[in-house]
Amino acid sequence: MTVNFTELRESLSGDVLEASDAEYERARLCFNLLIDRRPAAIARCLDAGDIAAALTFARQHDLEIAVRGGGHNPAGHCAVDDGLVIDLSRMRRVEVDPDARLAHSQGGATWSDLDAAAQAHGLVTPGGVVGSTGVAGLALGGGIGHLTAQYGFTCDNLLGAELVTPAGETIEVDGDATPDLLWGLRGGGGNFGVATRLTFRLHPLSTVIGGRFDYAGGGVRDAIRVFRDMVAGTDGDLSCQAQLKVDEALTPALTVVPCYTGSEDDPEEHRALRSAPGLVGDGVRRHGFLDQQRVFDPGYGIDRNYWKSHFVPALPDDLIDALLDRIGALGRPPGGILIESLRGAPQRIDSSSAAVGYREAAFNISAMAAWTDPALDDEHIAWARETATAIEPWSISGGYANYMQADEPLDRIRAAFGPESFDRLRALKTRYDPGNLLHRNQNIPPR
Ligand SMILES: Cc1cc2nc3c(=O)[nH]c(=O)nc-3n(C[C@H](O)[C@H](O)[C@H](O)COP(=O)(O)OP(=O)(O)OC[C@H]3O[C@@H](n4cnc5c(N)ncnc54)[C@H](O)[C@@H]3O)c2cc1C
């Protein structure tokens, strides 16, 4: 069926791209080149009215909908074959109220946009570690980054939103008027509506002691143990992530990225990491928060990705050995295993305040296959799946929704929230999107 988009084009303040438009090819791309979809049209909205019009048009013409924020979801949920993409990439304004310590971020803003606006006032909110990632997609799915230990998950700092519901109604979400919906937005993803604005709590912070320590060769096993023991002793002033990789010679390599915000100039934790075996690079120093946000800076849309993660309560030696076996099986760079420490604020925050269900976890461990040659798709996807299977005996939940591919079974999504929260999310979904119009996400099916 061919749909005529003239009426939609005429009703929007933004624009509508079809395959014949010059910008279409770039606009349909996701961060993950494994996803190659051709939407019937891409509605680049400018405000809530445009979003409501696009939702109504899609409903009337029976078009499948995808919502695009920063375009980073590894499952490629922001693109849909033959459907309508509601694209928020022209809605990237961030307004900061320094006195109230609040940031109001439009639905298509990226972390570079939010970080820059907040840092202009010496303020931060805990976000993602790569600037081109969408604020909305990341925050609605939880949000782990360089300030998790200090301020919790990104969604813990989400105080309110403006949402266009699948019925086309614009509603304010906050803790007073709609506490249930705010709870659901804190982890339940884009299931309940399209967020035109998200409001975050900000914290004063300008510089951190961060950067990266690099390790290689035979010392890597012991260096991971030092990383593990070091984060176990931290509380709320050090976030830390580690990436296990192989270099061109297939030697294991480890990068540890701390972000310290305490009062010491040379914290004990960094001394421990500095004296760990196999250290080949030390780029850790005091720098601006925006520099820390550039420590991981991959290019946009340059490779194919398949990720799978597990939350674990600890990182025992036998799990470290299993991870080293799996990194040996990777066979070639890039790609690797990401280990994100979740110690600190996430455990201190009242678990009933948000839908996210992994506050008991000490680490999020993710197999992240990345490659460029389509001929290697099967091999890399198999590596990620087998690596996740190897981690599974230590897992305590269904995995991190923000890193899930589209092939995850419903049970794993349910397990990520726990049965009680999942039921509550389903009740919210039934109320706000009974027809499951917004299903291109880690989907919570209505009852
Ligand atoms: C390079 C890279 C780095 C990453 N780093 C981190 C990290 O440090 N920490 C972390 O926790 N995660 C990280 N992620 C994962 C990321 O949080 C998720 O992929 C997230 O879904 C990306 O959001 P997006 O808006 O960019 O994605 P999109 O693909 O545009 O959107 C994904 C989904 O989010 C929902 N969505 C997006 N915008 C809106 C909106 N305005 N209203 C309603 N729903 C919306 C929709 O359901 C949409 O399908 C990273 C991903 C990549 C590729």
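Tell me which residues, restricted to the stretch 172-206, are of a type in the set (A, V, I, L, M, F, W, C), in a strand (DSSP E or B) and within 13 Å of the ligand (Cβ to nearest atom). Of everything in the stretch 172-206, those that are of a type in the set (A, V, I, L, M, F, W, C), in a strand (DSSP E or B) and within 13 Å of the ligand (Cβ to nearest atom) turn out to be VAL173, VAL194, ALA195, LEU198. Taken together, PRO166, PRO126 contain a single residue that is over 21 Å from GLY262 (Cα atoms), in contact with a Leu (Cβ under 8 Å, 6 or more places away or on another chain) and assigned to a loop (DSSP other than H, G, I, E, B), which is PRO166. Filtering the stretch 399-416 to residues that are out of contact with any helix residue (DSSP H, G or I) (no Cβ under 9 Å at 6 or more places or on another chain) and away from the ligand (no atom under 13 Å from the Cβ) leaves ASP407, PRO409, LEU410, ASP411, ARG412.
As a summary of the residue check, ALA242 satisfies the conditions (1) in contact (Cβ under 8 Å) with a residue 40 or more places away in the chain; (2) open to solvent by 20 Å² or more (accessible area, probe 1.4 Å); (3) not β-branched (Val, Ile, Thr) except for the one numbered (2). Taken together, ILE391, ILE396 contain a single residue that is surrounded by 21 or more Cβ atoms within 10 Å (Cβ to Cβ), at negative phi and more than 16 Å from the ligand (Cβ to nearest atom), which is ILE391.
Among the residues of the stretch 51-63, is there at least one that is free of Cβ contacts under 8 Å to residues at least 60 places away in the same chain and within 12 Å of the ligand (Cβ to nearest atom)? No, the stretch 51-63 contains no residue that is free of Cβ contacts under 8 Å to residues at least 60 places away in the same chain and within 12 Å of the ligand (Cβ to nearest atom). Quick check, is SER112 in a loop (DSSP other than H, G, I, E, B), surrounded by fewer than 24 Cβ atoms within 10 Å (Cβ to Cβ) and in contact with a Gly (Cβ under 7 Å, 6 or more places away or on another chain)? Spelling it out, it is not the case that SER112 is in a loop (DSSP other than H, G, I, E, B), surrounded by fewer than 24 Cβ atoms within 10 Å (Cβ to Cβ) and in contact with a Gly (Cβ under 7 Å, 6 or more places away or on another chain). The residues in the stretch 65-90 that are within 8 Å of the ligand (Cβ to nearest atom) and of a type outside the set (Gly, Ala, Ser) can be counted, and the count is 8.
Residue-by-condition table, conditions (1) within 21 Å of CYS30 (Cβ to Cβ); (2) within 12 Å of the ligand (Cβ to nearest atom); (3) touching a strand residue (DSSP E or B) at 6+ places or on another chain (Cβ under 9 Å):
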site: ARG93; (1), (2), (3): no, no, yes
site: ARG101; (1), (2), (3): no, no, yes
site: GLY107; (1), (2), (3): yes, yes, yes
site: TRP111; (1), (2), (3): yes, yes, yes
site: HIS121; (1), (2), (3): no, no, yes
site: GLY131; (1), (2), (3): yes, yes, yes
site: THR154; (1), (2), (3): yes, yes, yes
site: VAL164; (1), (2), (3): no, yes, yes
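Reported count of residues in the stretch 287-308, each being closer than 14 Å to LEU147 by Cα and near the ligand (Cβ under 10 Å from one of its atoms), is 1. Just one of (1) within 8 Å of the ligand (Cβ to nearest atom); (2) outside any helix (DSSP H, G or I); (3) not hydrophobic (A, V, I, L, M, F, W, C) fails for GLY137. It is (2). I'd like the full set of residues that are within 16 Å of the ligand (Cβ to nearest atom) and closer than 15 Å to TRP183 by Cα, limited to the stretch 419-447. Across the stretch 419-447, the qualifying residues are LEU425, LEU428, LYS429, TYR432, ILE444. Among the residues of the stretch 297-320, those that are open to solvent by 50 Å² or more (accessible area, probe 1.4 Å) and either closer than 16 Å to PHE227 by Cβ or not aromatic (Phe, Trp, Tyr) (or both) comprise ASP297, PRO298, ILE302, PRO313, ASP317, ASP318.
When you look at ALA384, is it within 16 Å of the ligand (Cβ to nearest atom), crowded, with 22+ Cβ neighbours inside 10 Å, of a type in the set (A, V, I, L, M) and at pLDDT 95 or above, yes or no? Considered against the rule, which asks whether it is within 16 Å of the ligand (Cβ to nearest atom), crowded, with 22+ Cβ neighbours inside 10 Å, of a type in the set (A, V, I, L, M) and at pLDDT 95 or above, ALA384 comes out as yes.
Please go through the stretch 278-307 and pick out each residue that is more than 20 Å from GLU340 (Cβ to Cβ) and among the β-branched types (Val, Ile, Thr). Once the filter is applied, which keeps residues that are more than 20 Å from GLU340 (Cβ to Cβ) and among the β-branched types (Val, Ile, Thr), the stretch 278-307 yields VAL280, ILE302. For the stretch 140-152, a residue qualifies if it is farther than 18 Å from GLY69 by Cα and either open to solvent by 10 Å² or more (accessible area, probe 1.4 Å) or more than 10 Å from the ligand (Cβ to nearest atom) (or both), and the qualifying residues are LEU147, ALA149, GLN150, TYR151, GLY152. Being on the phi > 0 side of the Ramachandran plot, of a type outside the set (Ser, Thr, Tyr) and either outside any helix (DSSP H, G or I) or open to solvent by 10 Å² or more (accessible area, probe 1.4 Å) (or both) is not true of GLY328. Only one of the numbered conditions (1) within 13 Å of the ligand (Cβ to nearest atom); (2) at pLDDT 95 or above; (3) surrounded by fewer than 17 Cβ atoms within 10 Å (Cβ to Cβ); (4) under 24 Å from VAL129 (Cβ atoms) is violated by VAL356, and that is (3). Tell me, yes or no, whether the stretch 14-31 has at least one residue that is farther than 21 Å from ARG440 by Cα, touching an Asp or Glu at 6+ places or on another chain (Cβ under 6 Å) and either more than 13 Å from the ligand (Cβ to nearest atom) or not β-branched (Val, Ile, Thr) (or both). Yes, the stretch 14-31 contains at least one residue that is farther than 21 Å from ARG440 by Cα, touching an Asp or Glu at 6+ places or on another chain (Cβ under 6 Å) and either more than 13 Å from the ligand (Cβ to nearest atom) or not β-branched (Val, Ile, Thr) (or both).
Condition check ((1) assigned to a loop (DSSP other than H, G, I, E, B); (2) more than 16 Å from the ligand (Cβ to nearest atom); (3) crowded, with 20+ Cβ neighbours inside 10 Å) across all residues:
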site	(1), (2), (3)
VAL208	no, no, yes
GLY218	no, yes, no
GLU248	yes, yes, no
ARG271	no, yes, no
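Scanning the stretch 396-420 for residues that are outside any loop (DSSP other than H, G, I, E, B) and not aromatic (Phe, Trp, Tyr) returns ALA401, ASN402, LEU410, ASP411, ARG412, ILE413, ARG414, ALA415, ALA416, PRO419, GLU420.
The values are calculated or read from the model by the stated rules, or taken from the named source; none is laboratory data. Everything numeric here is computed off the predicted structure, so don't read it as measured data. Don't worry about glycine lacking a Cβ; one is built from the backbone with ideal geometry, like all the others, and counts go over all protein chains shown. The protein model used for the area step is the full one, side chains on, heavy atoms only, and it has no ligands, DNA or RNA in it. Shrake-Rupley method; radii C 1.70, N 1.55, O 1.52, S 1.80 Å.
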